[in-house]
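Novice: I am attaching a structure below and will ask some questions about it afterwards.
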Amino acid sequence: MLRDDLKSAMKDAMRNKRPAELSTIRLILAAIKDRDIANRSDGSRDGVSDDEIQELLQKMVKQRNESIKMYEQGGRLELAEAEQAEIAVIQTFLPEQMDEAAMGAAIDKAIADTGAASIKDMGKVMGVLKSGNAAAMDMQAAAGLVKQRLAAK
């Protein structure tokens, strides 16, 4: 379970005195705990699933990438480097991301499976992609590729 991997990595970072890694893992665990609490208010007693944790991790990477751009524009390279270090830690808990060729193949398969014929069918295609590849695919990039392919039809 991903949650157990995170806790184990936190203990390892404490033992080996890696404060930057420890700090990032604690941020991840705090975000997961917040999601657990939010789920309890909805009546669910279960903690968040591994899929939800992966979704959360991807969101954290995206937020840090946006921060890096702003820091670089503002000339704050030391802060950009710190964000990049956090991204490196977060990505160790995510599956390897698809390259563009693999993403294209998955998109073509989803278009064929749904019978999508125009841009109006983009929602169906994105739904199929999310259900099967959400953890390994940059959904924002995928949306752009789906739009291109459906516009060409």
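Novice: Just to confirm my numbers, what's the Cα centroid distance between region 68-128 and region 1-60 in Å?
Specialist: A separation of 21 Å, based on Cα centres.
Novice: Of K124/K147; K7/K33; K69/K109; K7/K59, which ones are farther than 23 Å apart at the Cα?
Specialist: K69/K109
Novice: If I fit a long axis through the Cα atoms of helix 2-15 and take the longest principal axis of the Cα atoms of the chain, what angle between them do I get, 0 to 90°, rounded to 10?
Specialist: 30 degrees
Novice: Note the angle between two axes, namely the Cα long axis of helix 100-114 and the longest principal axis of the Cα atoms of the chain, as a number of degrees from 0 to 90, rounded to the nearest 10.
Specialist: 50 degrees
Novice: [x] 29, 14, 13; [y] 32, 21, 14; [z] 24, 18, 16: which one is semi-axes √(5λ) of the Cα gyration tensor in Å as calculated from this entry?
Specialist: [y]
Novice: Nearest 10 degrees, 0 to 90: what angle lies between the long axis of helix 50-73 and the longest principal axis of the chain (Cα atoms)?
Specialist: 80 degrees
Novice: While we're here: When only Cα pairs under 8 Å and 6 or more residues apart are kept, what is the percent relative contact order across region 30-116?
Specialist: Result for region 30-116 is 22 percent.
Novice: Continuing with this model, one more query. Which value in Å is the Kirkwood Rh of region 28-68 over different Cα pairs? Provide the component values of the computation, followed by the final result.
Specialist: Details: mean 1/r = 0.0923 Å⁻¹.
Radius from the Kirkwood sum: 10.8 Å.
Coordinate-derived values only; no laboratory data. All figures in this text were calculated on a predicted structure; none of them were measured in a lab.
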